[in-house]
Structures are given as C-alpha cells and as structure tokens.
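Let me begin by presenting the structure, written as structure tokens, before commenting on it.
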Amino acid sequence: MSDPAAPHALPGLARHSYLFAPAPYTVRDALYGGVPLSEAAYRTLDTRLFQRLKHLKQVGPVYLVYPGATHTRFSHCIGVYHLVRLALQHLTTLADFEPEAGRATLAAALLHDLGHFPYSHVMDDIAINGRSLSHLELSVSLIETDAEVRSVLQDYWEVDPLLVADILARRPNPRVPAFLYTLIDGPMDMDKLDYLNRDAHHTGVPYGRVEVQRLIEFLAVDPASGDLVITEAGVGTVESVIFAKYLMFRYVYWHHAARIAGAMFNRAVLDCFLALGVQTLTVADPLVRRVCLSTDATIDAILRALLVEADTAPPPSLELLARVEERRLYKRAASVPCADAPQRAEQYRDALARRAREGEIAQAMSVALGPGAAPVQHHQVLIDLPPTDKFAADVRGIAIEDEHAGARVVPWEQAPRPSYLSAATVAAMEQHIRFILYLYDPGHPQAGSLRDALRGHPQVL
C-alpha cells in the first residue's frame, strides 16, 4: 500500500485524517492481528443490534462438516471494516471524495450485515412467487429506523444515517462516487475478500486464501466512469479470487451435507411461514421481521412462540430444525446436474413450487413402497437447489498504461494479455458444480426401500 507520508498522499492525509489518526482501541482479529478501532467504530460494536451478530455463524451449517467454522458475522464485519479502511487510505492518493462520504463508507462496511438472517444465506433461498427475503434490505431498514444505531452514526461517526443507507442500498447519491459503492458491493469488494480468507482460515482449507493486501494495491479509479477498476498488474490476483470462489463453493459452501442441512432448515421455516399465513415475503412484515432478527440459537423458539400466539399447530417439519442441530441429516437419493434439467432448475427456484413437487414425489413414493409400508410424509422427501449467479468475471475494467494512447481503461475481456477466465468460462464453472439434490429421511421405517424407490423412478423426479 502507498506510504501515507509520501508527498502525493499528504493532501489525502490532511483531508481524511479519520483514516490515518491513531486509534484509541484495538481488537485482535484471527486474520489481521490488531485491528484499530475508532471511537465511532467501538461505539457501533456496543449497539444491541451489532451484538446480535455474535450469535450468527458466518457460514451457517458448514460447521456440521468443518467443525472449526463457528466464526460469526460479528468478526466478519470487523474484518470488512478493516479492509475498507485500508482501501480508502489507498484511494485517497488516487481520487477526491468528501470526508463524510468516506466516513459513511466505513460505517457501511461495519454495518453491512446488521440485518443478516440466522444460518448464513440459507434463508435467502426461500423465494415465494418470485419474491425472496433480503438481509441487505433489512440492514438498510435498521440503519434508517433504529434509534440507537442512528444516534451512533450521527453523534460519533458524524454522518447522516441516510447517507450510510444509500451506500448499502446502492441508491444514487451525488455525494457518493461510484467507487465507494463498489468497495462494499462489487466484483472484487472487501466483503468478498474477507469472507473468502476468513472462511478458509476457520474451516482449515487452503482454497479461499487470496492476497488481499496486493489486491488493494492494484485498485484504481476509472476517470471516465468513476468506478473501481484493477490495474493490469492485478489481473493475476483477480484470477486467484475467482479460483478461490470456485473451490470454496465446490468443497465448502456447497458441500452436500451443508446443502442438506440448509434444505431441511428452509423447509421448516417455510412451513412455519405458511402456517402463520405469510403470503408475501418481505422484511417489512412484523412477523417475518421477528424471524429474520432471531439468531441461530433462538429461531426455533421464536417460530414456536409465533405459532402459539397465532393459536396454530406447529407443522410436522418443524422438527427438522432440531435434527439439523443434532446432525441427524437427510441423505442423498439422487442428484441431477442443473445443466441437464434447466426447466426443473428454473421451476424449483420458487419455494412453493419446490414444496408442491416434494409433496407429489412423497405421494408417489408411498404408492411405490406398497400398502404395507409406512406412508411417506410430505416433508420426508426434499429437493435442494443451489442459488445462481454466485460467480462472475465482471470486473469493471482493467487500467493499462499504453505508451502510445496513454492511460486508459479497457473491459476485462480486452486486457492486453486476456485472462482465460472469460465471463463465459466463469459462468461454466458455476454451472459445473450446481446439482439438484433429491433427499430422503433415513429415519423413515423403510428408509432403504424409500431410497431405492427414488433411484428407481427417475421419471418421478
């Protein structure tokens, strides 16, 4: 990173002293060592909503496969704050931006997961009639409405809470240059760089480790668009991030046991929503909001409390939450590459369509097992479908120095030494590891026969 004391950095040093001043507090991080915290950041950590993040595992059910993966959203948010601070220090030497916009970006980095749901991104997969829940939408809402968070932003960060909300929501604001948005949410954002390294560290795998500091040094600003781009020397580092994502999704995030646990979790939550009369998924619904603001440890109790308040019997699938915690997971009966069944893959993206199909398969399996067998309950056969659009080679551009044309920015695909990882290649990498999983309950009295029946009736799947 550029030396803050270098002559070209002095204007930025004076204008953005909040980035360079000695910090009154330090927190010890597993990845970065001592992370300096300003008074504003320290006060943010003490808010009620931020303390809740200590009780949300960063990668949800992955700990069932990798026991070390019990790290939390709390530590991740501190890590993102640290990386954004380093990136802003670097960017003060390249571009001009208002100090309040810089402070708001730092605050947004710390608060970006404030409204995160329990069990990592599992609940994001619940889509009803094309509408899914968004933890980002909830984070923005909390920043705009929570009195304690607003007070900290105004009194300690000295920023308008709406400015922080605009950065997270990517709402156009004339005070926020494009590259500040991209630091929080973009192809090579600091969120992605922290979670890849942090998740790799705690799971004990080498796949996700990337050179964060080097990538920050390769950041540049496109003078035409104002967006964040990468210098030509940074192409290799970007490629390492893409490879890291591929390996982490293949072997960690989409490990079959983690996907099975997520499918069980989602079916229980979905059935509870339906039993409670929820027809549209939105974090603006007070009932849905209570569930979204629960924790890994409290979501079961909160769902049961809501059912009692509504005088509604718990759905049979609610037992799946306890089974996940006890690691009594469903098993795979069959798997189908999404590329081989694109229509099914598209259909199953809707939770209600997926649930209806699960019921049809369960009925068909009850018939296949014969009259003497125990019936297959609707929640004893599940379908799991990984989300889409997790991979992309959509770096905004490559900044190159041309001895004839001078400095210019070209698209990723048009770099002087083009990367093998074109947009099409990266999309194919994602497609290669996306499988529809058909799951069954090994606790069914005829579990072996149920598994064989599912495998022997591919036309039903």
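Identify the residue in region 340-352 that is free of Cβ contacts under 8 Å to residues at least 40 places away in the same chain and closer than 15 Å to P387 by Cα and, among all such residues, is surrounded by the most Cβ atoms within 10 Å (Cβ to Cβ). Even if it seems obvious, please write down each step before you answer.
Within region 340-352, the first condition is being free of Cβ contacts under 8 Å to residues at least 40 places away in the same chain, and the residues that meet it are 340, 342-343, 346-347.
Narrowing further to those that are closer than 15 Å to P387 by Cα: 342-343, 346-347.
Working: P342: 11, Q343: 7, E346: 13, Q347: 15.
The residue in question is Q347.
In region 173-257, counting only helices (runs of 4 or more DSSP H) that sit wholly within it, the ones holding 1 or more residues that are surrounded by 17 or more Cβ atoms within 10 Å (Cβ to Cβ), over 20 Å from the mean Cα position of the chain (by Cα) and among the hydrophobic types (A, V, I, L, M, F, W, C) span 178-184, 212-217, 235-248. For region 295-317, the set of residues classified as farther than 26 Å from P442 by Cα and either touching a His at 6+ places or on another chain (Cβ under 9 Å) or of a type in the set (V, I, T) (or both) consists of T295, T298, I302, V308, T312, listed by residue number. Of note, I260 does not satisfy the criterion of being in a helix (DSSP H, G or I), closer than 24 Å to A108 by Cβ and either in contact with a Phe, Trp or Tyr (Cβ under 6 Å, 6 or more places away or on another chain) or in contact (Cβ under 8 Å) with a residue 24 or more places away in the chain (or both). Contact map, region 78-97: first residue over 17 Å from P177 (Cβ atoms), second residue of a type in the set (G, A, S) and surrounded by 24 or more Cβ atoms within 10 Å (Cβ to Cβ), Cβ cut-off under 7 Å, separation 6 or more or different chains; pairs are V80/A109; Y81/A41; Y81/A109.
Taking region 388-414 as the search range and keeping residues that are among the hydrophobic types (A, V, I, L, M, F, W, C) and at pLDDT below 85, which one is surrounded by the fewest Cβ atoms within 10 Å (Cβ to Cβ)? Walk me through it before giving the result.
Here is the first cut: in region 388-414, the ones among the hydrophobic types (A, V, I, L, M, F, W, C) are 391-393, 395, 398-400, 405, 407, 409-410, 412.
Those still in the list that are at pLDDT below 85 too: 391-393, 395, 405, 407.
Values: F391: 21, A392: 13, A393: 19, V395: 23, A405: 8, A407: 11.
Here the residue is A405.
Of the conditions (1) under 30 Å from E211 (Cα atoms); (2) modelled with pLDDT under 95, A345 satisfies every one except a single condition; which number is it? Unmet condition: (1). With respect to the conditions (1) more than 17 Å from I126 (Cα to Cα); (2) within 23 Å of the chain's Cα centre (by Cα), L321 falls short on a single one, namely (1). Hey, among the residues in region 428-460 that are of a type in the set (D, E) and over 12 Å from Q380 (Cβ atoms), which one's surrounded by the most Cβ atoms within 10 Å (Cβ to Cβ)? Here the residue is E430.
Over 22 Å from H444 (Cα atoms) and either more than 29 Å from the chain's Cα centre (by Cα) or surrounded by 13 or more Cβ atoms within 10 Å (Cβ to Cβ) (or both): does that describe P337? If you could, list the steps in order and put the result at the bottom.
Details: over 22 Å from H444 (Cα atoms): yes; either more than 29 Å from the chain's Cα centre (by Cα) or surrounded by 13 or more Cβ atoms within 10 Å (Cβ to Cβ) (or both): yes.
Yes: the conditions hold for P337.
Which residue out of T93, T105 is assigned to a loop (DSSP other than H, G, I, E, B), among the hydroxyl-bearing types (S, T, Y) and under 30 Å from F218 (Cα atoms)? Only one candidate passes the filter, namely T93. Here V205 meets the list (1) within 30 Å of D96 (Cα to Cα); (2) in contact with a Phe, Trp or Tyr (Cβ under 8 Å, 6 or more places away or on another chain) almost entirely, failing just condition (1). Screening S139 with (1) in contact with a Leu (Cβ under 9 Å, 6 or more places away or on another chain); (2) in contact (Cβ under 8 Å) with a residue 60 or more places away in the chain; (3) surrounded by 20 or more Cβ atoms within 10 Å (Cβ to Cβ) gives one miss only, at (2).
When region 9-31 is filtered for residues that are of a type in the set (A, V, I, L, M, F, W, C) and either surrounded by 15 or more Cβ atoms within 10 Å (Cβ to Cβ) or modelled with pLDDT of 95 or more (or both), the ones remaining, listed by number, are A9, L13, L19, F20, A23, V27, A30, L31. Here the condition is being surrounded by 14 or more Cβ atoms within 10 Å (Cβ to Cβ), of a type outside the set (S, T, N, Q) and in contact with a His (Cβ under 9 Å, 6 or more places away or on another chain); of L320, L385, it holds for L320 alone. Among the criteria (1) under 30 Å from S449 (Cβ atoms); (2) of a type outside the set (D, E); (3) touching a helix residue (DSSP H, G or I) at 6+ places or on another chain (Cβ under 7 Å), the one S366 does not fulfil is (3).
Of all residues in region 364-373, those being surrounded by 14 or more Cβ atoms within 10 Å (Cβ to Cβ) and assigned to a loop (DSSP other than H, G, I, E, B) number 1.
The values are calculated or read from the model by the stated rules, or taken from the named source; none is laboratory data. What you see is a predicted model; the values in this text were computed from it and never measured. Note that we place each Cβ from the backbone using ideal geometry, even for glycine, and neighbour counts take in every protein chain shown.
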